[in-house]
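Below is one structure, written out as structure tokens; comments come after it.
The values are calculated or read from the model by the stated rules, or taken from the named source; none is laboratory data. Remember, it's a predicted structure, so these values are computed and weren't measured experimentally. Ideal geometry is used to build each Cβ from the backbone, glycine not excepted, and the neighbour counts take in all protein chains shown. Note: areas computed on protein heavy atoms with side chains; ligands, DNA, RNA excluded. Shrake-Rupley method; radii C 1.70, N 1.55, O 1.52, S 1.80 Å.
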Amino acid sequence: MLKFSSIFATGCLLLVSGCGQLDLMNFRSQTPEETDNKSLADETKTKVETPLISEYVNVGNLNAVILEGVGLVTGLPGTGGDPPVSPYRAQLIEDMRRRNISNPNQILRSKSTALVLVRAYLPPLVKKGERFDVEVRVPGESETTSLNGGHLLETYLSEQAFIQGEGMLEGHVFAKAAGPILTGTTTYSEEKGEDLGTLVRGRVLSGGMSLRDRNMSLLLRNAYRSERMSYRIANRVGTRFFDYQMGGQRTPLAEAKTNELIELMIHSRYKDNYPRYVSVIRNMTLKESEVAERVRMQTLADDLQNPVTSEKASIQLEAIGKPAIEVLKTGLKNPSLEVQFYSAVALAYLEDPSGIEVLGKTAKEEPAFRIFSLAALAVVDDSDAFMALRDLLDGNSAETRYGAFRSLKSLDPNDPFVRGELMHSGFRLHVLDVEGDPMVHMTRRKMAEVVVYGTGQKFNMPLIGRAGKDIMVTGRAGEETITIARITVDETERRVVPNNVPSVIRAVSELGASYPDVAQLLIQARDQSNLVSRLEFDALPKAGRVYIRPDEEFKASYQKKSRIGRPTMAPNIFNDDNLDSDRVNEEDEYENETNEESLAASEALELEEVGEASSADVTTPEEESSATATVPLTTEEASTKEPMTEEESKPKTGFFNRGERESLYPSPFSFFKRSEK
């Protein structure tokens with residue numbers, strides 16, 4: 001009995017002291033600050049499935065802003081005309097008077113001038129001074145019959161919107177445009193046909209120049225909006241991505257502006273592939289302990305080895321950063337080419353050259369991987385990357401050769417091998433001493449450049465051609481020289497040059513030929529069988545192609561086919577700026593047909609061995625979180641909409657009247673100023 005009483009007393013004493021201790025340690029009042037910190041810690045503490053930043057934010061400012069203006073084209077060979085009375089004419093005359101141009105009506109009546117409507121799509125993440133393409137067209141009921149050979153004078157471009165009862169309102173000026181006009185008939189053979197529509201509309205390559213910067217933004221979802229959360233997300237992104245100022249001070253690339261807005265600058269390593277930059281940021285964790293990160297990397301290491309999950313795993317490992325490099329290297333040893341590809345791309349953006357050999361192989365041999373392999377090679381500052389791209393220039397695929405050339409320029413634009421020569425009329429001529437079939441490549445989008453593959457290219461004689469309205473190019477049979485003559489009313493100027501394609505291009509440029517004039521000459525030479533080499537336009541690799549997995553991988557993954565990326569979210573180094581879908585490169589058509597045939601051939605095997613895949617088995621592009629697959633929609637409401645087709649997702653390239661523009665192109669800006677009358 002005494003023993004029991006002693007034990008009972010001891011227990012009571014411990015209970016009292018314990019309660020006192022609990023009261024002091026755990027039951028004191030907590031401040032809101034401590035409660036918030038505890039809830040965030042509980043949410044992100046050592047979990048394998050740690051919430052990603054994509055759960056807290058949407059991405060903004062990735063749309064192209066539509067800019068418009070009214071401009072004047074000069075230098076037409078008698079194909080211009082006096083524009084009818086309209087608001088466009090009044091706006092142009094007012095602009096000419098502001099520039100102190102006398103007798104504007106007399107200038108507009110000239111057959112060498114034309115009033116045009118100018119439109120441009122200001123791209124996302126553009127910097128002040130960067131250039132982009134501009135579209136021009138002649139408005140209806142105009143006397144102008146052709147813009148071929150014309151030059152757009154400087155035109156200011158602004159955002160505009162038609163407001164009922166207010167008329168046309170003009171926003172702030174975002175850009176200006178000027179330059180020679182490239183019309184459809186300049187770059188396409190006459191035997192393909194030409195009509196008035198191609199004559200009275202055209203494009204000024206790199207004719208627009210931005211007057212301000214456009215940065216990306218992260219917008220916090222409604223449930224997470226607070227200054228503290230905005231700061232924490234900005235701090236997390238800024239810790240992973242930063243830059244250095246002139247004095248060596250580290251500057252984060254994300255800055256919290258408000259409780260719902262974070263301004264995001266692009267990292268230099270992703271400047272040519274901002275869709276991947278967005279995807280990496282979305283796949284970062286907000287907060288994660290070292291233990292949780294190691295556990296998650298082990299899971300991702302397993303997922304990396306599976307072709308079906310390798311894409312998502314590689315982008316999340318890239319989001320982790322340098323600690324994930326060794327895990328990604330294990331993917332290079334996987335027998336699956338798809339796993340090797342995803343691992344090599346992620347390593348490239350982490351500045352590790354281990355995957356260069358894989359990137360060179362996939363760029364050369366697999367069309368579905370090509371565009372992303374070339375973009376990744378462009379960010380690896382390593383001599384092996386240069387050599388891999390240099391070797392790709394010797395092949396026969398036009399898109400591989402020109403894609404490798406663009407990557408080399410991005411890697412080091414001042415390298416003598418790709419720097420080229422600036423011609424008198426503003427375009428660049430690049431002559432590459434490479435092997436492979438001779439080829440000449442020109443662009444209709446973004447940049448005015450002629451790339452000649454092979455130094456010894458000649459014209460077949462006899463030769464008669466034109467470079468614009470005033471320049472004649474002639475060569476007699478059996479001769480080794482070509483005569484270029486510029487014939488005007490006042491004088492005739494001649495050049496005699498060797499029978500060599502680059503020499504002729506230089507000579508006609510010295511005599512005043514523009515980039516469209518050079519295109520006209522080369523197309524004539526091709527159509528007349530004077531040009532020995534292939535002439536290609538906009539031979540760019542494409543995103544969204546289908547990769548056919550080998551049989552052994554198909555049986556393991558239960559998915560025979562995999563679409564690599566989306567056409568609308570290609571790396572911007574190869575973004576073709578809404579290239580017309582009905583003018584696809586012949587080589588790409590062939591590769592697409594080959595892919596479709598392979599898909600059809602595999603369909604029976606797929607149904608026979610594994611049956612129809614259910615929706616749970618198939619990973620759609622919208623479900624992937626990689627730059628090569630998709631960037632999720634930037635609004636919560638958009639997630640419930642049906643996915644758009646490739647054609648529906650493209651910005652409209654036609655021009656509309658002012659009333660139609662109100663519904664088709666609503667203004668994203670809230671501040672406007674009235675057009676001065």
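Could you work out the percent of alpha carbon pairs in the range 516-570 separated by over 16 Å, rounded to a whole number?
Working: 950 of 1485 pairs.
Of all Cα-Cα pairs in the range 516-570, 64 percent lie more than 16 Å apart.
Across the range 214-296, counting alpha-carbon atoms alone, Rg and Dmax equal 13.5, 40 Å.
For the pair Asp213 and Asn63, what calculated FRET efficiency results from E = 1/(1 + (r/R0)^6), where r is the Cβ-Cβ distance and R0 = 22 Å, to the nearest 0.05?
Values: r = 16 Å, r/R0 = 0.71.
E(calc), rounded to 0.05, equals 0.90.
Accessible surface area normalised per residue over the range 259-395 is 35 Å², counting heavy atoms of protein chains with a 1.4 Å rolling probe.
Measuring r between the beta carbons of Asp437 and Lys329 and using R0 = 51 Å, the FRET efficiency lands at 0.90.
Close amide H partners of Leu286, meaning residues 5 or more places away or on another chain with modelled amide H under 5 Å apart, are Ile53.
Whole-Hz Karplus values for the range 220-227 come out as 5, 5, 3, 6, 10, 6, 6, 5 Hz, taken residue by residue from phi with 6.51 cos²θ - 1.76 cosθ + 1.60 and θ = phi - 60°; glycine and proline positions read x.
The convex hull of the Cα atoms of the range 79-164, projected and averaged over all directions, covers 7.3 nm².
Using a probe radius of 1.4 Å on heavy atoms only, what accessible surface per residue do you get for the range 474-516? Whole Å² is fine. Before the final figure, lay out the partial values.
Details: 2190 Å² over 43 residues.
Accessible area per residue, the range 474-516: 51 Å².
Taking 27 Å as the limit for the C-alpha separation, the pairs Lys322/Lys561; Lys176/Lys257; Lys128/Lys409; Lys329/Lys361; Lys127/Lys469; Lys127/Lys329 exceed it in the case of Lys322/Lys561; Lys176/Lys257; Lys127/Lys469; Lys127/Lys329. Working note: Debye formula, equal point scatterers on the alpha-carbon atoms of the range 348-439, no solvent; log10 I(q)/I(0) at q = 0.11, 0.13, 0.19 Å⁻¹ is -0.30, -0.42, -0.84. Using the Karplus relation 6.51 cos²θ - 1.76 cosθ + 1.60 with θ = phi - 60°, the per-residue 3J(HN,Hα) values for the range 416-429 come to x, 5, 10, 5, x, 10, 8, 7, 4, 8, x, 8, 10, 10 Hz, with x marking Gly and Pro. For the range 305-328 versus the range 110-186, the spacing of their alpha-carbon centroids is 45 Å.
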